[in-house]
Amino acid sequence: MEPMPKQLKILNWLTIALVAVGLYLTIWYAPREAIMGDVQRVFYFHVSAGWAGALAFLVAALSGALFLIRRERRWDRVAMASVEIGVVFTFINIVSGSIWARPIWNTWWTWDPRLVTATIMELVYLAYFMLRQGVDDPDRRARFAAVYSILGFLSVPLTFLSIRFFRSIHPVFFGAGDALSAGMEGPRMWVVFIFSLLTFSFIYGTFLWHRLRLQELSERLEILKMKLLSHES
Amino acid sequence: MNPIDAPIDTFNYMVLGYAVILGCVVLYIASLALRFRHLRREFEVYESIARDETDEPNR
Amino acid sequence: MAKPVESDSQISKTRGSSLRGYLRVIGAIVWKDIAAELRNRQMISAMLVFALLVVLIFNFAFELDIGTRETVTSGVLWVTFAFAGTLGLNRSMAMEKDRDCQDGLLLAPIDRSALYFGKVIGNLLFMLIVEAIILPLYSVLYNVNLFLPGLALVIVLGSWGYVAVGTLLATMAVQTRMRDVLLPILLFPVVLPVLIPALKASNAFLQAFEVGDIMPWINILIVYDLIFTAIAFLVFEYVVEE
């Protein structure tokens, strides 16, 4: 098992530093929101997690497309790793969104288009894993997964638009309309927000690299096992 | 909207929010670490079997 | 019992790079499915019985008094169609795989996309037949007038989108270990962009909204149908490779 490459070690530390600074910025540096109070601070990481989840799924769809075109196994590896990380980030997005909603609108769940779309996105990518598990042949598995990740990635924004459109016609008083504009005043908040996005992008990249290494190790183990099996027979 | 002009005390929810976010990140890192450890151990087992095989090719 | 060999050779005879040849291939595939179904009518009857049962269950699930009935009808109908549709899709693609028809079709020198469109049109036909039976039945059971041309249009458009995506996903699902069970899991989250406008537009027609208000939903539905059909058509070949 090859040791961690130097760049990865540096990336690890860089990401940890970013998270530390991000925590400081969101908890202390960012101004306290006038109406929502402290819980609004959760918003920075909540949106960043959502952003990272969407980025992960974009990468997965692109990798899937690349696999279909080039048929190189590494693209399938990238797609699978990316979806796994995307599922984690989207989960964080949904739950933190729920926690944010609770004190503000007095409900754990708001049928806000963003939250609903995030949940649907999560379900699509959980289905992705069920699809992978159901196919034994590695080439077919990669092909099917690629097709589904492309379809899923294109479908989710369309769902969001549909739900959004529905709400614009029948405005339901459930949410402070646009989550982004609610409480984003002043340059300080924007700085913290951009920094959070950056931090989570780095977390995504670091996770991806590690997950890919894990996958490579797993595949090498499989090859070793098969070699031993054929040896014995 | 609040009739009172002071922001509501949502500190506890903020803590909960951060706990969940960071908790999930840490849990995922732990899952990666555990899987790495499991795979490395299996690798060692199989590698030692392979070594035994090459030492005693005749059975 | 089906004789795949007959129809396969029929399809090979219609090969050709011309548009007419292409359309003839699609027609041959559709006709093959219709002929197979006419022989034992298993799929349609299964879909019908299932749809009826779902409608009945909804009767117990909701308080369908006169007032709520009108707001709830659209949802009940589309849930019924979605579930019955899954049944039809599964059977349609499983039939191909079980009798090795699919291999025969793939060996024939036809465009894979023709195979896709053939299956989509066949599946759409069966779904429309079931819907055409359910609508009057629901009308009678719940005393709601469902004979609205606008509603019919929405149902056709919505069913097209559903089947366009469903055929692609069913082709995949049937080749997995879980087979039928996987299709709803794959299909429902992804087909929502089609179902949501269909639901809204159906509801709007049932509640007799202004046509001007409904048109945006129909437009969205058409756009999404086109998008999904285009994507599915492009990636279908990757799903039937051997």
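Quick notes on this one:
- Scanning region A:66-124 for residues that are away from chain B (no Cβ under 12 Å) and of a type in the set (S, T, N, Q) yields A:S82, A:T107, A:T110, A:T117, A:T119.
- Selection from region C:58-86 of residues that are more than 17 Å from C:N203 (Cβ to Cβ) and modelled with pLDDT of 85 or more: C:F83, C:A84, C:G85, C:T86
- So C:L183, is it more than 9 Å from chain A (Cβ to nearest Cβ) and in contact with a helix residue (DSSP H, G or I) (Cβ under 7 Å, 6 or more places away or on another chain): yes
- There is at least one residue in region A:22-31 that is in a helix (DSSP H, G or I) and either in contact with a strand residue (DSSP E or B) (Cβ under 8 Å, 6 or more places away or on another chain) or of a type in the set (G, A, S) (or both).
- Filter result for C:K119 (in contact with a helix residue (DSSP H, G or I) (Cβ under 6 Å, 6 or more places away or on another chain), charged (D, E, K, R) and within 10 Å of chain A (Cβ to nearest Cβ)): no
- Taken together, the criteria place C:L52 among residues that are in contact with a helix residue (DSSP H, G or I) (Cβ under 9 Å, 6 or more places away or on another chain), at pLDDT 85 or above and crowded, with 16+ Cβ neighbours inside 10 Å.
- Test result for A:W109, at pLDDT 95 or above, over 14 Å from the mean Cα position of the chain (by Cα), of a type in the set (F, W, Y) and surrounded by fewer than 22 Cβ atoms within 10 Å (Cβ to Cβ): no
- Selection from region C:33-49 of residues that are surrounded by 12 or more Cβ atoms within 10 Å (Cβ to Cβ) and without any contact (Cβ under 8 Å) to a residue 60 or more places away in the chain: C:A35, C:A36, C:Q42, C:S45, C:A46, C:V49
- Annotation: of all residues in region C:109-150 being outside any helix (DSSP H, G or I) and touching a Phe, Trp or Tyr at 6+ places or on another chain (Cβ under 8 Å), the one that is farthest from C:V72 (Cα to Cα) is C:D111.
- You will find that of A:A79, A:A101, A:A56, the residue that is part of a helix (DSSP H, G or I), among the small types (G, A, S) and at pLDDT below 95 is A:A101 and no other.
The values are calculated or read from the model by the stated rules, or taken from the named source; none is laboratory data. These numbers come from a predicted model, not from an experiment. For neighbour counting, all protein chains shown are included, and Cβ atoms are generated from backbone atoms with ideal geometry for every residue, glycine included.
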